[in-house]
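All remarks here apply to the structure that follows.
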Amino acid sequence: MTRLDSSNWKDYIHQIVDLQQQLSNNLPLGTVLKDTSKLMTDYSISVNDELEDISNSYQMMSDYMLRGYQDNQRDSLYHQLARRLYRVLSNASLQARIKFDSSLAPLLSGRTNNVQPDTDSLRASLESFVSDVALLTLEPQSTVEAKSKGLYEQRFAVVSKAFIDIVVSGQWSNEYASDIAALILSPTIDAMDALTLCASVMMAALLSPDPAKVMMLLKIYQKANDEKLKQRALIGWVFALDKGDYRLFPEISNTINQLLDNDDFREELVQLQMQIVYCLTAEQDTQTIERDVIPNIMKNQNLEMTRFGIREKEENPMDEILHGDNSDKKIEEIEQSMRKITDMQKRGADIYFGGFSKMKRFGFFFTLSNWFTPFYIQHPGLEQIPKEIRKAQFMSSLLSSMPFCDSDKYSFALAMSTVYAQLPDNIKEMLGNNVAMEVPGAEGIINTPAFYRRQYLQDLYRFFRINDSRRAFRDPFTNKDNKLFLDNPIYAGSMHDGAISVVTFLLKRRLFVEAKVMLNAYFDENSLEDNLLAGRIALREGQYAKAEVLFTKAYSMENGKEKALKGYALASFRCAHYAQASKLYRQLSVLYPDKELYPMNEAIALINDERADEAVKILYELYYKDQNKSDIKRVLAWSMLCTKQLEKSAKLYQELLSLEKPEAADYLNAGYCAWFNGKGEEAARLFQQAQSMFSDKTLVDKFREDASLLDFYDIDNTDRNIMAGV
């Protein structure tokens, strides 16, 4: 027997999770109860009243059954006790984390227990704030600012404390969850407070999975009139559901199944899944901006950094004389760069992560609730902002028209307060003249459900990538598949078509692992689209036989021939089924007569099928249409080599070697021409040049790959070894 302490609490929690999984897997409740009692004894933990009551109720139920009594409620009672035990175990786990998890310590300010906020008291405080702010309009102007400051400070203290209290409040009863839902949905509290409290419920569920909180978020999603609140609740229950095991609580799946009957709801889930993927590629998008966009803007801007701050560069009067069109070119280049950023943003990219992720070390962000609080200029954490900025029109426009997430708005405002004194006078004047801030194209992005989701997701993504306390919570952006929630079986019955559109989206972004996971969760062997997508993934993974089977099936389906042809032809070629591949490429050539790739591939398949004479005819036709295309020239030269037209082949390879950047294969095949013509020294020189360009193959490897060609020209193994060793 040992005592629970900082050295063993993680093992203790691991055992609790194992017990909860046993309950979800429908293992005997009596066995789990015994193991729970043993766990508590092993760690010297007193059995609480709830656990003792569960054990007594179970024992009584068991005794009645053994005595032969019939009870129609026995099944219901059994599952009720299992659910109660699940919650007891969750609370035990949370209590251990509150006490010993160092990543939680900065948030808890020394507290050692979990106490649920009193809903009546919280409601009274939040409603009082709304009425008191309204009454400020009746106050003398001389007292408004001081009283307003006091009200917002008091409100901030109430909400930030309630946020933490909810996060560590433990398992909720259905009644308590209903009270919190009523508070958040109430029109008598400020909308910002409702949004902040909604976020706290999600964070609580990510700290310790709780079915009552998931059901509460589902209720808010269904009943909220405010679109921002509705979208926060959606993300909240989706993330909480993805991070918990709720099989013991069928009311959750029943509610979701009812929602899944709605087309708009299914589409919303699809869009949310795609937006999460965009969040997770924020670092990649940042690199694109820093590499391709920012340098172009910087080279054309007219400001420079000095040790005294930012100042405008002095213009060179000769530039206007010598380079009169430079100004227009610079403006055009900057506009193109800005359009690229706007296009990325409209697609859903998190274009601001790179810059604002470096601006989260202000003391403001040491308070957990501030990461999820909608931006408002009266926030007590923004007190240090100069009045000139606070009252300027540009700050108001920051609220209404800038497509930043709330966390980044706070970062921007705080950063402005630190650099305001160093700004050039003309910029200060611009701010003072109430110039509004605008981003090109922003009007088409903001104030939509998709934008509200994106804002909140970006707030969450920043927290889970930057905040020092993030490890205490289950990261919704990292799971077994990294980016997916729609692969959860709870959606499987209704989300096939939506999931397939997500697979297509993932493939376009070259996220092949994720695409395969999603497709496997929904794969329908009788679906043309599913077989085509599975075939593409199999080709990508080098599983050519599997790909050929999938494309063959798709090809056999009604309306499948044209869609499956490309993949079927490539898979057959990779499987060395060259006769079949040549037929399929012939069909593609007929369907797409303007695409020379298909007849060229047909010719390559024919060559590999030892029908080079047929290939030469196809390639001559392509060659005489355009004699400058090196790819056609290469295949034609190879086909001639395979048909013993050595002089013609050698001539074409000499033309290829005269290109600015010949390929290694050109030197190799030119070497074959020389060798087969009896020009051994020239062949050796060409082979050595080819060898110097191969990254992972030797001449021995190449001769082995081209063994059939060497056999065709009666080059025996001894000659091959001698040539490879020269």
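List of remarks:
- Label-point separation in nm, Arg74 to Tyr420, each point 7 Å along Cα→Cβ: 7.4
- Placing dummy labels 7 Å off each Cα toward the beta-carbon, the span from Gln654 to Asn25 is 7.5 nm.
- For the stretch 55-187, the solvent-accessible area works out to 54 Å² per residue, with a probe of 1.4 Å and every protein chain left in place.
- Coil-residue trypsin sites (Lys or Arg not before Pro) of the stretch 453-533, DSSP, other Cβ within 10 Å capped at 14: Lys480, Arg510
- Added length on full extension, which subtracts the Cα-Cα distance from 0.36 nm per residue, Glu647 to Tyr176: 160.6 nm
- Sparse packing (at most 15 other Cβ atoms within 10 Å of the Cβ) combined with a DSSP loop state is found for the following chymotrypsin sites (Phe, Trp or Tyr not before Pro) in the stretch 67-128: Tyr69.
- Centroid-to-centroid separation of the stretch 560-595 and the stretch 53-100 [C-alpha atoms, Å]: 63
- Rounded to the nearest 20 debye, the dipole magnitude of the stretch 454-522 is 280 debye, with +1 charges on Lys and Arg beta carbons, -1 on Asp and Glu beta carbons, and the Cα centre as origin.
- Dipole of the stretch 441-573, positive direction: furthest Cα of Gly498, Ile466, Ser572, with charges on the beta-carbon: Ile466
- When the solvent-accessible area of the stretch 131-272 is split by element, carbon and sulfur atoms take up 51 percent of it, the probe being 1.4 Å.
- With the simple model of a label 7 Å out from the Cα in the direction of the Cβ, Arg83 to Thr448 spans 4.0 nm.
The values are calculated or read from the model by the stated rules, or taken from the named source; none is laboratory data. Since the structure is predicted, the reported quantities are computational estimates derived from the model, not experimental observations. Positions of Cβ are backbone-derived with ideal geometry, glycine not excepted, and every protein chain shown enters the neighbour counts. To get the accessible areas, we keep the full protein, side chains included, count just its heavy atoms, and leave off ligands, DNA and RNA. Shrake-Rupley method; radii C 1.70, N 1.55, O 1.52, S 1.80 Å.
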